[in-house]
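Here's the structure we're looking at; comments come further down.
The values are calculated or read from the model by the stated rules, or taken from the named source; none is laboratory data. What you see is a predicted model, and the numbers here were worked out from it, not measured in a lab. Positions of Cβ are backbone-derived with ideal geometry, glycine not excepted, and every protein chain shown enters the neighbour counts. Note: accessible area is taken over every heavy atom of the protein model, side chains too, but ligands, DNA and RNA are not part of it. Shrake-Rupley method; radii C 1.70, N 1.55, O 1.52, S 1.80 Å.
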Amino acid sequence: MIWRLAAGMARLLPPEAAHRAAVMTLRHRIGPVPDLPPITVSVAGLEFTNPLGLAAGFDKDAACPDGALRLGFGHVELGTITPHPQPGNPRPRVFRLAGDRAVINRYGFNSRGMEAAAAGLARRRETGRGPAQGGIIGINVGANKTSAAPTDDYRIAVARLAGFADYITLNISSPNTPGLRDLQTADNLRLLIAAGRAGLAEAGCERPLFIKLAPDLAPADIEAIAATAVAEGVAGLIATNTTIARPDGLRSATAVEAGGLSGAPLYALSTHVLAEMAGRLPAGGPVLVGAGGVASGWQAYAKILVGASLVQLYTALALEGPELPARVISDLAALMAADGVTDIAAARGQIPDADKAMQHALRLAQSA
Ligand SMILES: Cc1cc2nc3c(=O)[nH]c(=O)nc-3n(C[C@H](O)[C@H](O)[C@H](O)COP(=O)(O)O)c2cc1C
């Protein structure tokens, strides 16, 4: 009830103000904790209570990790955090596409910087919570817009923040920082991974390294990224970030805004990229995290069926409110039971064709 009221009021605010209000609300850790079926999954040596996570971008400054975990998520990815504070792009920079169940953002890594995030995370640790206690914390890092050596920014941010994280994500797929996505080419990717590893060595800790990819990749790019990720022993790939494409059929006037599109229109595109990536990774290679347009249990299930070990969402939470994650997790558990699979490992990769996986999961949900 309290959540429904808060979510209803948030929809009346401009999107950036609604986002700030949501972060403030979760910071205070109010609201009921849902009672959820455990769907445990072991990924990159970490034990997740369920496969659903909050994608990066919601909590860019590590302000409310525990409030977000209380919504039912098995993990929360904080960030993108940059070494230095930066304001991001001029406002307005985030737009609802209400009729399309989508958002366009061009925040441009507005961040209070790694020192502010580290200070908050250190306080969290002092008060008894910390990595691997009551939920997995990923920290997603990126480069400052005006950095002369963007690759080095990843090393610096990893070195400062890895001690607070269960896993690290190198974000090279935001469309809102000029040149960032060029890091996805094989040669640059090798340098980036080396920078991430150097950061971990400086921090004196071992952490799984994940890399977050754009959906706007040609098959040859996907091939090269997969080969490099395997050769370099990357722990995981997150597919995908927002898209610069504007799929046919968008109805909202705000669809013309520049930036990355997320939500429903990204669902099929990101699931196809995920499936293409899965088809190029050997067993025992990097794990996959499916993100893009997930708003229901069947959509999460289809991403697992094509090969994801974990699933993340953000836009549907913003559009539908804080009860959504619990609904997705319960529905996912019910769909797995209806399919006769007992755990994520048994479901993962069972239907490698993206269209068939989506059809199967949707049909299962419709017949439930
Ligand atoms: C407003 C907004 C801000 C975002 N900021 C980031 C970010 O800072 N770093 C990042 O890796 N992804 C960011 N993303 C991308 C999401 O993490 C996610 O990959 C993408 O939105 C697809 O999932 P969704 O359709 O469930 O939102 C952002 C998305 C939105 C909507």
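Numerical summary
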{"item": "Choice from 17, 333, 195 with maximal GNM fluctuation in the chain (Cα, 10 Å cutoff)", "result": "17"}
{"item": "Peptide ranges 188-194, 205-211, 122-128 listed from the most packed, as the mean C-beta count within 10 angstrom indicates", "result": "205-211, 188-194, 122-128"}
{"item": "For the chain, built as a Gaussian network whose Cα springs stay under 10 Å, the top-fluctuating residue of 238, 156, 30", "result": "30"}
{"item": "Stokes-Einstein diffusion coefficient of the range 265-311, Kirkwood radius over Cα pairs, 37 °C, 0.692 mPa s, in µm²/s", "result": "313"}
{"item": "The range 2-367 - Rg (one decimal) and Dmax (whole number), Cα, Å", "result": "18.7, 55"}
{"item": "Choice from 179, 196, 113 with maximal GNM fluctuation in the chain (Cα, 10 Å cutoff)", "result": "179"}
{"item": "Solvent exposure ordering (accessible area, 1.4 Å, most first) of 329, 351", "result": "351, 329"}
{"item": "Carbon/sulfur fraction of accessible area - the range 2-367, other protein chains in place, 1.4 Å, %", "result": "56"}
{"item": "Accessible-area value, residue 145, 1.4 Å probe, nucleic acids and ligands omitted, Å²", "result": "120"}
{"item": "Charge dipole (the range 2-367, unit charges on Cβ, about Cα centre) - positive-most of 297, 165, 107", "result": "107"}
{"item": "Normalised alpha carbon radius of gyration of the range 53-212 [divisor 2.2 N^0.38 Å]", "result": "1.01"}
{"item": "About the Cα centre, charge dipole magnitude for the chain (Lys/Arg +1, Asp/Glu -1 at Cβ), debye", "result": "940"}
{"item": "Within the chain, helix-based [θ] at 222 nm, where runs of 4 or more DSSP H residues each add -39,500 (n - 2.57), nearest 500", "result": "-12000 deg cm²/dmol"}
